[in-house]
Amino acid sequence: MEIEAIYSKFLEANNLTTDTRKLSEGSMYVALKGENFDGNRFVKDAFEKGAKYCIVDDPNACINSNCMLVKNSLETLQALARHHRHQFQFPIIGLTGSNGKTTTKELIYAVLSTTYKVKATKGNLNNHIGVPLTLLEFPLDLDFGIVEMGANHQKEIEFLSHISQPDYGLITNFGKAHLEGFGGVEGVIKGKSELYDFVRSNNKTAFINGDDPKQIKQIGTYSNTVVFGSNEENDCVIEFIDAKPFVKIRYNNTEINSQLIGTYNFGNIAVATAIGHHFKISTDNIKAGIENYVPENNRSQIIKKGSLEIILDAYNANPSSMLGALTNFRQIESDTKYLFLGDMFELGDEAIVEHQNIIDFAEQNFSKNIFLIGENFYRSKTKPTTQKFKTFQDLIPQLKSHHIENATLLIKGSRGMALERILEFIN
């Protein structure tokens, strides 16, 4: 079936979904297949819940005339998103990076939405399924669309860029994330820079952090850029003031006090400021957008619990973000500090070395109250005072018996460790 014909049916539907549990009356349902599921099995259920049309790739699932049989449902979803993208009269801002993608996306949205009609990627729907779903949720009357792109191997950002076709591209940073899939740090840089490759080959605009030598090097001599940072020669000058614990910046002779902790968030705030500057948003609105943004979903949240102040950063972790969190935690003023660090995933052959590096840094900078959770940390070398637990379940008895009060805690680990569960067992 031709994509134009499918697109005309998409326009008749109220929305599009790949999950019958989220299906509403008048939806278009796309039956995707994976290793452990087959959406074709739920077509009857989709129609019973009010689906207007279903896209299927199993002839046996084509149960009525409102089913559209295609060769591959996922490829059709991606082609449909690409076709929808061609209809946009508004620009797309595309972003990727090793750390801070979602926070940066939310900050950009917070700034732009003070002045314009904007939609952005929901949550972290940033992969080969999430990016098409994001684009297909964008109505045609927007002023801007913001698309977050994630990757754990080469050519993924290239593929997502050709679907989303960003008019503006930015990379938050190059860090030690998904080393296993990318094949090391240089592989990460090459993979993330596929966004720059798209920008250059299509004469689009790149936002470049002038304080990041890696970004300067990767964009090369390309001139269609907006450079931001502390250098007075930048297109947009943004000064870091401090992070005690919240990041404070100065832009256009105005202090902006964010609700984000850690110097590592300066770059995320700076690019949102630069985008606001580039699109002529008033200083007052830029300030309001940044200052009103509050992190959630276990991302650098500060939680008060009794006499405890808890920095909950348990959404994800890699060596770069872990080191940044520890460096920031080191400078926070508190008489008593506790570290709860969980394993970092997808590091491949570098896992042992990178976990040991984190332990060494932690033990050099924090003399006690270090708790390590996960198999990688468990098999690393530690001082006798550092406590190791192979699983979260092994940690629970210690949490129940160890009374913590009048202290500041850092909880940081990969999503699979789900370290936010610690909150259930402390004061």
Filtered residue count, the range 23-41, keeping only those that are surrounded by fewer than 19 Cβ atoms within 10 Å (Cβ to Cβ) and either basic (Lys, Arg) or touching a Cys at 6+ places or on another chain (Cβ under 7 Å) (or both): 2
For the range 121-147, give me each residue that is buried (at least 21 other Cβ atoms within 10 Å of the Cβ) and more than 20 Å from PHE10 (Cα to Cα). ASN126, PHE144, ILE146, VAL147
Please go through the range 135-155 and give me each residue that is closer than 30 Å to LYS117 by Cα and either in a helix (DSSP H, G or I) or more than 15 Å from the chain's Cα centre (by Cα) (or both), ordered by number. LEU135, LEU136, GLU137, PHE138, PRO139, LEU140, ASP141, LEU142, ASP143, PHE144, GLY145
Residue identified as over 18 Å from ILE146 (Cβ atoms) and more than 22 Å from the chain's Cα centre (by Cα) among THR327, THR283, THR263: THR283
Out of VAL56, VAL30, VAL43, sole residue that is over 19 Å from GLY130 (Cα atoms) and among the aliphatic types (A, V, I, L, M): VAL43
Looking at VAL111, is it free of Cβ contacts under 8 Å to residues at least 60 places away in the same chain, hydrophobic (A, V, I, L, M, F, W, C), touching a helix residue (DSSP H, G or I) at 6+ places or on another chain (Cβ under 9 Å) and surrounded by 17 or more Cβ atoms within 10 Å (Cβ to Cβ)? no
So is THR273 of a type in the set (Ser, Thr, Tyr), within 18 Å of THR172 (Cβ to Cβ), in a helix (DSSP H, G or I) and modelled with pLDDT under 95 or not? no
Within the range 174-193, is there a residue that is within 28 Å of ALA81 (Cβ to Cβ), among the β-branched types (Val, Ile, Thr) and in contact with a Gly (Cβ under 6 Å, 6 or more places away or on another chain)? no
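Table: residues versus (1) basic (Lys, Arg); (2) under 30 Å from ASP167 (Cβ atoms); (3) surrounded by fewer than 14 Cβ atoms within 10 Å (Cβ to Cβ).
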residue: ASN14; (1), (2), (3): no, yes, yes
residue: ARG21; (1), (2), (3): yes, no, yes
residue: SER65; (1), (2), (3): no, no, yes
residue: HIS84; (1), (2), (3): no, yes, no
residue: GLY97; (1), (2), (3): no, yes, no
Does PHE377 meet the test of being outside any helix (DSSP H, G or I) and surrounded by 20 or more Cβ atoms within 10 Å (Cβ to Cβ)? no
Do we have any residue at all in the range 42-55 that's buried (at least 22 other Cβ atoms within 10 Å of the Cβ), out of contact with any Cys (no Cβ under 7 Å at 6 or more places or on another chain), β-branched (Val, Ile, Thr) and not in a loop (DSSP other than H, G, I, E, B)? yes
Answer yes if at least one residue in the range 96-107 is in contact with a Pro (Cβ under 7 Å, 6 or more places away or on another chain) and under 30 Å from GLY175 (Cα atoms), and no otherwise. yes
(1) within 26 Å of MET28 (Cβ to Cβ); (2) in contact (Cβ under 8 Å) with a residue 40 or more places away in the chain all hold for LYS117 apart from (2)
Within the range 364-374, how many residues turn out to be assigned to a helix (DSSP H, G or I) and either crowded, with 22+ Cβ neighbours inside 10 Å or over 29 Å from the mean Cα position of the chain (by Cα) (or both)? 1
Inspect the range 114-130 for any residue being hydroxyl-bearing (Ser, Thr, Tyr), part of a strand (DSSP E or B), over 23 Å from LEU77 (Cβ atoms) and touching a helix residue (DSSP H, G or I) at 6+ places or on another chain (Cβ under 8 Å) and give the result as yes or no. no
I need a count of the residues in the range 325-350 that are buried (at least 21 other Cβ atoms within 10 Å of the Cβ) and either assigned to a helix (DSSP H, G or I) or without any contact (Cβ under 8 Å) to a residue 40 or more places away in the chain (or both). 3
Only one residue in LEU77, LEU69 is modelled with pLDDT of 95 or more, among the aliphatic types (A, V, I, L, M), surrounded by 12 or more Cβ atoms within 10 Å (Cβ to Cβ) and within 14 Å of PRO132 (Cβ to Cβ). Which one? LEU77
Answer yes if at least one residue in the range 189-207 is surrounded by fewer than 21 Cβ atoms within 10 Å (Cβ to Cβ), at pLDDT below 95 and over 18 Å from the mean Cα position of the chain (by Cα), and no otherwise. yes
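The values are calculated or read from the model by the stated rules, or taken from the named source; none is laboratory data. Since this is a predicted model, take the numbers as computed values, not measurements. All Cβ positions, even for glycine, are placed from backbone atoms using ideal geometry, and neighbour counts span all protein chains on display.
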